[in-house]
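*Asks:* I have a structure here, written as structure tokens, and I will follow up with some questions on it.
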Amino acid sequence: MSVPNSEIKQFSVALSDGANIAVTTRGTGDALLCISGLGGTAGFWNPCIPALASKYQTISLDQRGIAASTRGSAACTIDQLATDCFAVLDACGVHTAKVIGHSTGGCIAQTMALMQPARVGALVLSGTWARPNRYMQELFKLRLGMLQSNPIEYASSAAFLSYESAWLNANWSIYESALAGAPIDPPAQHIIQERIHALMAFDRMDELKLLKMPCLILGARDDLMIPSFLQEELAVAIPGSALQIFNHGGHFFPLSRKEGFTHTILKWMDTLT
């Protein structure tokens, strides 16, 4: 399944605080905003885009301070990252979009749905959570320490925690790329640190009962980064939500199980029309 190159557009959105957000749109149809996790890159979604863009206009972005996007001066909070996403939709001329958020992106997607519910037509929350929990707090304290003491080990451990073992072993270049992109310099480490602090403070659990749009929650049983019990908790908190937990795939199951991931989303979205 391919998307003609003529339908791929890349541009930058200038924000009032000086940040410039790099955006990629592909395909045609109703808007589908794809928000990635802690890494914050539009490129995370590239393996999934051909399937998703066969039915929707996909919109993906490098979040502020990440890859081709500049940092700007605004505080890095989940609310700010959600506001950035609305600015991207505005620049695309989109009032209402379906929104997919993975991991930290799922926190941003929840916040968008709570901030401006009329602009989120449907919500897919993938490998994400709703409030602080002991497991994640301790894990991310450990990761922050590794980031400061040995960024190579930080990048290495992130790969082992994020990918299903058999898939990573069969796609070892992914691991090598992760190490090559390790956050060696202090500015890159600061970007990650502030994002981790933002997600560790995230808590919208008590508000989720207010969500009225259709919601699909996805997780993986073998996710060591954001365990599936957190998605089960989300499903209880959001009235009428649908839940599917894959047996395998690790935290990055949108990549290691991309066919099942995209098929599940598209099939669910077909039921909404």
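The values are calculated or read from the model by the stated rules, or taken from the named source; none is laboratory data. Fair warning: this is a prediction, and the values are worked out from it, not measured in the lab. Cβ coordinates were reconstructed from backbone atoms using ideal geometry, including for glycine residues, and neighbour counts include every protein chain displayed.
*Asks:* For the stretch 141-180: of the residues being loosely packed, with under 13 Cβ neighbours inside 10 Å and touching a residue at least 12 places away in the same chain (Cβ under 8 Å), which is nearest to PHE252 (Cα to Cα)?
*Replies:* Step by step, filter the stretch 141-180, then rank; the result is SER165.
*Asks:* Take LEU89 and tell me if it is closer than 20 Å to ASP30 by Cα, in contact (Cβ under 8 Å) with a residue 40 or more places away in the chain and touching a Cys at 6+ places or on another chain (Cβ under 6 Å).
*Replies:* Against the criterion (closer than 20 Å to ASP30 by Cα, in contact (Cβ under 8 Å) with a residue 40 or more places away in the chain and touching a Cys at 6+ places or on another chain (Cβ under 6 Å)), LEU89 does not qualify.
*Asks:* While we're on this one: Is it fair to say LYS209 is over 19 Å from LYS98 (Cβ atoms), among the basic types (Lys, Arg) and part of a helix (DSSP H, G or I)?
*Replies:* Judged against the criteria, LYS209 is a match.
Here's the yes/no breakdown for (1) surrounded by 19 or more Cβ atoms within 10 Å (Cβ to Cβ); (2) closer than 23 Å to SER173 by Cα; (3) free of Cβ contacts under 8 Å to residues at least 24 places away in the same chain:
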residue	(1), (2), (3)
LEU230	yes, no, no
ALA242	no, no, no
PHE246	yes, no, no
GLY250	yes, yes, no
LYS267	no, no, yes
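*Asks:* Identify the single condition in (1) farther than 15 Å from LEU216 by Cβ; (2) surrounded by 24 or more Cβ atoms within 10 Å (Cβ to Cβ) that GLY101 does not satisfy, given that it satisfies every other one.
*Replies:* It fails just one condition, (1).
*Asks:* While we're looking at this one, here's another question. I want to confirm something. Restricting to the stretch 55-64 and keeping residues that are buried (at least 20 other Cβ atoms within 10 Å of the Cβ) and touching a residue at least 40 places away in the same chain (Cβ under 8 Å), which single residue is farthest from GLN110 (Cα to Cα)?
*Replies:* Looking at the filtered set, the residue picked out is TYR56.
*Asks:* Is it the case that some residue within the stretch 86-97 is surrounded by 17 or more Cβ atoms within 10 Å (Cβ to Cβ) and either under 14 Å from the mean Cα position of the chain (by Cα) or polar (S, T, N, Q) (or both)?
*Replies:* Within the stretch 86-97, none of the residues are surrounded by 17 or more Cβ atoms within 10 Å (Cβ to Cβ) and either under 14 Å from the mean Cα position of the chain (by Cα) or polar (S, T, N, Q) (or both).
*Asks:* Quick one: THR262 ticks every box in (1) assigned to a loop (DSSP other than H, G, I, E, B); (2) more than 18 Å from SER165 (Cα to Cα); (3) modelled with pLDDT of 95 or more except a single one, so which number is it?
*Replies:* If we test THR262 against (1) assigned to a loop (DSSP other than H, G, I, E, B); (2) more than 18 Å from SER165 (Cα to Cα); (3) modelled with pLDDT of 95 or more, just (1) comes out false.
*Asks:* Any idea which of ARG71, ARG64 is assigned to a loop (DSSP other than H, G, I, E, B), under 15 Å from the mean Cα position of the chain (by Cα), under 13 Å from GLY18 (Cα atoms) and of a type outside the set (Gly, Ala, Ser)?
*Replies:* ARG64
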